[in-house]
Every structure is written in structure tokens, then in C-alpha cells.
Amino acid sequence: MRKKVIIFGAQGALGKQLDVRARSDYDVLTWHKGDIDITDEDLVKKKVAAEMPDIIINAAAYNAVDRCEQDEEEKHQAELINGAAVGFLAQAALAAGALFVHFSTDYVFSGDASEPYQENSEPAPLNVYGQSKLRGEKEIIKLSGRGLQWRLIRTARLFGPPGEGEGAKENFFLALLKLSRRQPEIKVIDREEIGSFTYTVDLAAAVFDLLQSGQGAGIYHLANSGQASWFEAAVHFFRSIGSRVAVLPIRSADYPRPARRPLFSVLANTKLPPVRDWQTALDEYISTLKE
Ligand SMILES: NC(=O)c1ccc[n+]([C@@H]2O[C@H](COP(=O)([O-])OP(=O)(O)OC[C@H]3O[C@@H](n4cnc5c(N)ncnc54)[C@H](OP(=O)(O)O)[C@@H]3O)[C@@H](O)[C@H]2O)c1
């Protein structure tokens, strides 16, 4: 019998790709913010109990990294959506006997390391967003001992087809493309922010491979292979699309933002088959932009 999957945050960038990927093998219910706000504990528990899914995937999140750093109400929202509400979903999954799949971020790490962060590396977030995502991780792990089946997937720097929700974030490459239509040169942060990049199409495929692999509960790191600064990724992007815009490397200090970012937050995937390199994935994404 086909398994029933509920995807929360189904209109987000990743949520959409998870939906596309799931449909061939699962019965999928897609719930977005208009259907259900994940911070509404009672409603979450009631709706999940009425469906009794086999799997719950949470792709909903608060992602405005800088906004929640400065504004108390936004900080509260981040803590609620990325923290407490993850607990509501995990509790609902436990009660239904469903597997709970959730996403976290490289921003749970401080960035002091010189080697890629492994799944069991110690988190120490530098900003409010990272702290809120770490709270969500803890909400899940707390229920592990009570029998929750869970897969916690840390990922980073998503790109791919945009989400549809009103708060859906524009990916870095589309933002660059827009800028390049307005200005002849673009300044991009270089060596002080090195990380992993992730094509949402590849991530969605890897998530369902993981679910079918028989690998157990735990934290997983999934991103495209390799590492790059924002500048290096921008250079690759413009070269691949054949743009003549000038890309100039800058320091973090030349582009001040409210939230501190880790200097080096590359994710090491030590548990799952490697995902193809980010350059190949980005070239495939670019080919979809030309269609
Ligand atoms: N984007 C990245 O670069 C990145 C990096 C590392 C980790 N991640 C993680 O990857 C996951 C997917 O991110 P994404 O980029 O796909 O996010 P996204 O495109 O911003 O989508 C998030 C979705 O969550 C929905 N949402 C927000 N608050 C909600 C609430 N209270 N109830 C129900 N739905 C709510 C949003 O709806 P509205 O649009 O209607 O507000 C939006 O559709 C998240 O866990 C994120 O933290 C992302």
C-alpha cells in the first residue's frame, strides 16, 4: 500500500520540490500556511490525528536571518516557527506513529572550524536564526527517547525553482541575475563565508532516497558536494550564463548585515551517498532558467 505523507510548508522552495518528488511513490497531502499555521499547536495535532500519516515532512520555516536579529517581534516569530512549532509537529508525529522529517541549517555552527562540520559536530550558532533552528533540533531529539522516529537533515544555501508562498525567499542566483540587469558590476563576499550549496531538486531526491534506504533515526547532512564562497559561486553562475557583468570580491566588513554569519560552514556528509557537485547542479538549474 502507498504510504501517506503530509508536507508542511509545501509552497516553500524546498516544499515544492519535495511535493514533486513524492507524488510518484506516495499519497501526498500538501499543507501550506493558508491551510495551517504550524504555530497553532491544537490545530496541528488535531489535523495530523485526523489523517494518521506514515510520514510528516516539515519544510516550513522562518528564514529572514537579518530581520529576526534586530526586531524583537521577528525574533519571537523565528523562535516560535523554527523552535516551539517543530516540537508541536514532532509530538503530533509521535502520537500518530509517523516518521518525522525536518530540516535545519549550517548556521547552527559557529564557523570556527577549518574542516567541514560533521553530523555530530558541536553546534554553537552565532545568530538568532541559527539559535532558533537549533531549538527546533532539540525539540526533536528530546522526543527520540520516547519513541519518535525522526530524520533531521541539515542543509545550506538552497537554490532552485522559487517557492510560491508570500514569504518565499528569492535564491541567491536569481537575486544576482536581477542585480546584473541593473548594474555593470556586482560585489560579492569572498573568502570569509565559505559554505555548501544545495540544489533543491537534488535535496528532494536525496531525502526520499534516505527514507527508502533503511538508515535509522539521526542527523544527516545533505548538500551538493564541494564548497565555495558566495563570490566563487557568483563567478561560476555568470560564466555559465554567458554574462559579461563584472563580479568583484569583497570582505564581509564591506557588506555589513545585522546577523553575523559563520566564516566556514561547509557540511560534511559522512552517512549518505554523496550528492553531485554544486557546479554541475547549478548548471542544470541554469538550463531551466533559459527555458
Ligand atoms: N533557503 C536556504 O538557503 C536554507 C539554508 C539552510 C537551511 N534551510 C532550511 O530548509 C528548509 C526549507 O527552506 P526554504 O528555503 O524552502 O524555505 P522558504 O522557501 O522560505 O519556505 C518556507 C515556507 O514556510 C512557510 N511558513 C512560514 N511560517 C509558517 C507557519 N507559521 N506555518 C506554516 N507555514 C509557514 C512559508 O509560507 P509563506 O511563504 O506563506 O510565509 C514558506 O512557504 C527550512 O527548514 C530552512 O530553514 C534553508
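Structure notes:
- Inter-part distance where segment 276-291 and segment 121-185 are each reduced to a Cα centre, Å: 20
- With the cut-off at under 20 Å, measuring from each backbone N in segment 184-215 to a point 7 Å along the Cα-to-Cβ line of Arg244 picks out 184-187.
- Selected from Asp35, Asp209, Asp54 as most flexible by GNM, with the chain as the system and alpha-carbon contacts under 10 Å: Asp35
- Between Gln70 and Arg146, the contour length at 0.36 nm per residue exceeds the alpha carbon distance by 23.7 nm.
- Looking at the chain, the DSSP beta bridges with both ends there are about 5 percent antiparallel.
- Segment 208-244 and segment 1-44: distance between their alpha carbon centers, rounded to Å: 23
- Cα-Cα separations in the chain greater than 25 Å, expressed as whole percent: 46
- Sequence-distant contacts, meaning Cα pairs under 8 Å at least 6 residues apart, place the relative contact order of the chain at 21 percent.
- Listed by chain and number, the lysines placed with their C-alpha closer than 25 angstrom to that of Lys45 are Lys3, Lys4, Lys16, Lys33, Lys75, Lys133, Lys138, Lys142; residues fewer than eight positions away on the same chain are left out.
- Rounded to the nearest 20 debye, the dipole magnitude of the chain is 360 debye, with +1 charges on Lys and Arg beta carbons, -1 on Asp and Glu beta carbons, and the Cα centre as origin.
- From the alpha carbon centroid of segment 63-91 to that of segment 47-61 is 19 Å.
- Most mobile listed residue (Gly145, Gly83, Gly163) in the chain, GNM with C-alpha springs under 10 Å: Gly145
- Structure-based [θ]222 nm, the chain - -39500 (n - 2.57) summed over DSSP H runs of at least 4, per residue, nearest 500: -11500 deg cm²/dmol
- Gaussian network model of the chain, Cα within-10 Å springs - most flexible of Thr270, Thr198, Thr105: Thr270
- Highest average first, the peptides 39-49, 8-18 ordered by how many other beta carbon atoms sit within 10 Å of their residues are 8-18, 39-49.
Rule-based calculations on the coordinates, nothing more; no lab input. Only a predicted model underlies this, so the values are computations on that prediction, with no experimental measurement involved. Neighbour counts are summed over all protein chains in view; Cβ atoms, including those assigned to glycine, are modelled from backbone coordinates with ideal geometry.
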